[in-house]
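S.K.: After the structure tokens below, expect a handful of questions from me.
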Amino acid sequence: MMQESHVPFGMPRPGALPLDPAAPESVSRNGVLVPGATDPAPAIPEGINVEAEARESGVFDVIDDLDRELVGLDPVKTRIREVAALLVVDMARRRFGLEAERPNLHMCFTGSPGTGKTTVAMRMATVLHRLGYLAKGHLVAVTRDELVGQYIGHTAPKTREVLKRAMGGVLFIDEAYYLHRQENERDYGQEAIEILLQVMENQRNDIVVILAGYRDRMDQFFSSNPGMGSRIAHHIDFPDYSLDELVAIARIMLDGQRYAFSNDAEPAFRELMLRRMTQPRFANARSVRNALERARLRQANRLVSGGRSLTRDDLMRIEAEDIYKSRWFTEGPESRPSEERVVPAV
Ligand SMILES: Nc1ncnc2c1ncn2[C@@H]1O[C@H](COP(=O)(O)OP(=O)(O)OP(=O)(O)O)[C@@H](O)[C@H]1O
Ligand SMILES: [Mg+2]
């Protein structure tokens with residue numbers, strides 16, 4: 001087991017928490033753990049206002065932003081708050097000498113494409129960093145290809161290289177079930193899984209692993225790899241978005257880019273989403289983003305060919321025709337654009 005790194009909770013600056021597990025630690029007069037401090041007499045604080053201290057660490061700012069900027073996802077938001085609260089309480093307990101094992105923070109995010117898993121994982125990394133549980137709080141997102149080699153002897157170095165990059169942050173493994181190939185016992189994926197299992201167990205203080213993918217396939221993966229399932233403490237399910245939520249997401253995305261729907265454009269977009277939702281390869285919020293990208297292209301084309309001087313408002317406004325010219329309205333299903341899987345621009 002690696003040495004447990006005590007976290008100097010109560011230090012206000014986000015990201016400034018020194019996290020060197022090798023640094024000698026003691027407790028200063030006000031009861032705050034300070035790595036390397038020399039005061040030999042640990043003072044136990046009388047009482048800790050955990051809420052005030054958590055506010056000071058900025059962790060709830062990240063969560064409040066997440067609440068505000070991400071539409072829906074109520075169960076997800078609740079779980080993130082609970083995890084943050086647990087960590088805050090865990091640190092307060094330490095200061096009273098109530099030692100408990102560092103909580104297991106490995107997670108599994110399940111849900112359909114475009115439901116916000118990668119986005120929430122990035123926020124989670126920031127939360128863990130602000131609380132001092134991760135030294136850096138960056139996120140390294142990979143899939144099977146980045147972990148598993150094609151030839152004998154290639155997998156271990158590849159997996160270790162990825163783990164090295166992710167140290168101090170979150171390793172996010174998308175579609176993690178592809179690591180396991182039922183039909184092929186000799187598959188190199190198993191080698192990557194073994195290394196991950198070791199690191200998830202032995203270096204829990206240095207890295208948090210988040211697996212992501214479809215719910216049913218992830219369940220299958222855990223039943224063939226019980227070791228992996230048992231190392232994951234938090235299983236969080238991301239529901240599909242409702243039509244109202246998709247439209248609300250569109251509004252937020254447009255606003256972020258200084259665009260807005262005209263009065264007629266919003267119902268048009270709603271109609272577009274209603275059609276799109278039932279089609280194959282629908283990817284929730286990512287389909288919203290892609291549809292808006294295309295609407296912007298059409299708006300630009302309309303403006304450029306309009307031959308008149310443009311106001312600020314003209315440049316900002318998406319009109320209904322920018323939506324209705326979508327191939328989803330004008331052409332048969334076979335020629336409709338496919339939803340490309342893209343690295344999310346968050
Ligand atoms: N609830 C939401 N509110 C606003 N924007 C969202 C929401 N959920 C996702 N998005 C946006 O939609 C896009 C896709 O989200 P993200 O990449 O996080 O989904 P994902 O679940 O990781 O998808 P995949 O499984 O395909 O990797 C991102 O641009 C993200 O910012
Ligand atoms: Mg993703």
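S.K.: Which residues' amide hydrogens lie under 5 Å from the amide hydrogen of ILE210, considering only partners 5 or more residues apart or on another chain, with H built in the peptide plane?
M.R.: MET107, LEU171, PHE172, ILE173
S.K.: Give me, ordered by chain and number, the residues 5 or more places off PHE238 or on other chains with an amide H under 5 Å from its own placed amide H.
M.R.: Result for PHE238 returns THR110, GLY111.
S.K.: Which whole-number percentage describes the relative contact order of segment 142-293, with Cα contacts under 8 Å and a sequence gap of 6 or more? It would help to have the intermediate numbers written out before the result.
M.R.: Working: 141 pairs, mean separation 28.6, N = 152.
Reported relative contact order: 19 percent.
S.K.: Oh, and also: Can you list the residues of segment 259-294 with backbone N under 18 Å from a point 7 Å past the Cα of ASN301, pointing along Cα to Cβ?
M.R.: From segment 259-294, the list is 269, 272, 290-294.
S.K.: Can you list the HN-Hα couplings for segment 139-149, worked out from phi with the Karplus curve (6.51, -1.76, 1.60; θ = phi - 60°), rounded to whole Hz and with x for Gly and Pro?
M.R.: Here the 3J(HN,Hα) series is 10, 10, 9, 9, 10, 3, 4, 7, 9, 10, x Hz.
S.K.: Please give the peptides 96-102, 198-204, 85-91, 113-119 ranked by average Cβ packing (other Cβ atoms within 10 Å per residue), highest first, as a rough proxy for protection. Mind dumping the intermediate values first?
M.R.: On the way: 96-102: 11.0, 198-204: 16.1, 85-91: 18.9, 113-119: 22.0.
So the order, starting with the most tightly packed, is 113-119, 85-91, 198-204, 96-102.
S.K.: Further question on the same structure: For LEU139, what residues show an amide H to amide H distance below 5 Å, using hydrogens built from the backbone and excluding near sequence neighbours?
M.R.: Excluding prolines and chain starts, which carry no amide H, the hits are VAL170.
S.K.: What number do you get for segment 76-219 when its Cα radius of gyration is normalised by 2.2 N^0.38 Å, N = residues? Don't jump to the answer; show the numbers that get you there.
M.R.: Numbers: Rg = 16.0 Å, N = 144, 2.2 N^0.38 = 14.5 Å.
Against the empirical 2.2 N^0.38 Å value, I get 1.10 for segment 76-219.
S.K.: Right, next: Sort 272-281, 161-170 for me by packing, meaning the mean count of neighbouring Cβ atoms within 10 Å per residue, highest on top. Spell out each step's value before the answer.
M.R.: Working: 272-281: 14.8, 161-170: 18.0.
Ranking, from highest mean packing down: 161-170, 272-281.
FYI, it's all coordinate maths here, none of it is from the lab. Source: prediction; values computed, not measured. No Cβ is skipped: glycine too gets one built from the backbone with ideal geometry, and neighbour counts run over all protein chains shown.
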